[in-house]
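To start, the structure itself, in structure tokens.
The values are calculated or read from the model by the stated rules, or taken from the named source; none is laboratory data. Since the structure is predicted, the reported quantities are computational estimates derived from the model, not experimental observations. Neighbour counts are summed over all protein chains in view; Cβ atoms, including those assigned to glycine, are modelled from backbone coordinates with ideal geometry. Ligands, DNA and RNA are stripped out before the accessible areas are found, and what is left, the full protein with its side chains, is counted by its heavy atoms. Shrake-Rupley method; radii C 1.70, N 1.55, O 1.52, S 1.80 Å.
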Amino acid sequence: MDRLSSISAFVRTAEQGSFARAGKTLGVHGSAVSKSVARLEEHLGLRLFNRTTRSLSLTEEGRIFLVHCQRILGDLDEVESAMSRRAGLPRGRLTVTLPVALGRLYILPALCRLLIAHPEVEVVALLEDRHVDLVAEGYDAAVRIGSPPDSSLIGRRLTTVRYTVCASDAYLTEMGAPQTPSDLARHRCVTFVPSAGARPAPWRFAGDAVGGSYDLPVSGPLKVNNAEALVAAAEQGAGLVQLHAYLAAPAIAAGRLRPVLEDFVAADGPPITVLYPSARQLSPKMRMFVDFVSDLFSPYPPW
């Protein structure tokens, strides 16, 4: 016997006054309700209803049982409502990977404010510039700069990074500001290298064709393997640097760096994307994070 169904059938019959009307509220035939109540009576070993051909009334035991059963069904409705609300609220642990500088400068400060509004969410944010395997390494989501290499991941494009070339006022006073990219040949350029012995990354500029761009090799006495170190070197007057705009923005706003060659900025910089393994049954905490980073970069990025 399905005790819960039988209890529900009993309560609806007591409230409606007949098996037929109870059946209509439950979406079953009245005879099925009658049989269900009969099985409940057999299970309890007592009669819950006085039955005649014309009427149906509760016995004394039936009235006592009804009070308890109504309380049970009410508690069940309350628990189901609570679980439904729980299913719709972000909660639990979320492990994400973020680019080091982008995460530190823009995403983490906003994320801290978000977590105050969602105290039942715990975020493990790992700042690293390598492309991790989300599934194999147990990450829930990633914010990445550059085209996603794994087509099996679900991605939402957040924005496109632009480049900027800048230097300190002290350097520009000493060497003058370049007017075109070809002028860089006579300047000290602080360049990025991924590892010892690697070739410096070329700088990217807008080409003559609409939407086109080209890479320009540059050189200088200082090479580093960290983007934020490029900013620090430029602030100390080491030379010109080409940076993602989000890296340069705080130093430019504070007057520590000044942009140059602004008419030659390439428009086809790398995308910034939020990635996650699957769109099926996206959990509330995952939806919260994806919507959060999307809103952070929309309609314009925070820098």
Value of Rg/Rh across the range 1-76 [Cα atoms, Kirkwood radius]: 0.92
P(r), alpha carbons of the chain - 10 Å bins starting at zero, rounded %: 5, 20, 19, 13, 10, 9, 7, 7, 7, 3, 0
DSSP loop GluC sites (Glu not before Pro) with at most 15 other Cβ within 10 Å excluded, longest remaining stretch of the chain: 129-303
Principal axis box of the range 217-303, alpha-carbon based, largest edge first, Å: 52, 24, 23
Cut-off 11 Å between beta-carbons: net charge of the residues surrounding His118, Lys and Arg +1, Asp and Glu -1: +1
Average accessible surface area per residue within the chain, 1.4 Å rolling probe, Å²: 55
On Cα atoms only, tilt of 108-117 relative to the major axis of the chain in degrees: 20
Area accessible to solvent at Met175, 1.4 Å probe radius, in Å²: 60
Gap separating the Cα centres of the range 240-303 and the range 45-69, nearest whole Å: 69
Thr53 - accessible surface, heavy atoms, 1.4 Å probe, Å² rounded to 10: 150
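Please state the shape class of the range 1-141: rounded when a/c is under 1.5, otherwise prolate if a/b exceeds b/c and oblate if not, all from the C-alpha gyration tensor.
prolate
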Listed residues Phe264, Phe297 arranged by accessible area, highest first, probe 1.4 Å: Phe264, Phe297
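Roughly what % of DSSP beta bridges within the chain run antiparallel, to the nearest 5?
Percent antiparallel among DSSP bridges in the chain is about 70.
From largest to smallest, what semi-axes in whole angstrom does the range 99-185 give when each is the square root of 5 times an eigenvalue of its alpha carbon gyration tensor?
They are 36, 19, 11 Å, listed from largest to smallest.
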Computed accessible area, Ser278, all protein chains, 1.4 angstrom probe, square angstrom: 40
Rounded percent of accessible protein surface that carbon and sulfur make up, the chain, 1.4 Å probe: 53
Centroid-to-centroid separation of the range 193-232 and the range 110-124 [C-alpha atoms, Å]: 36
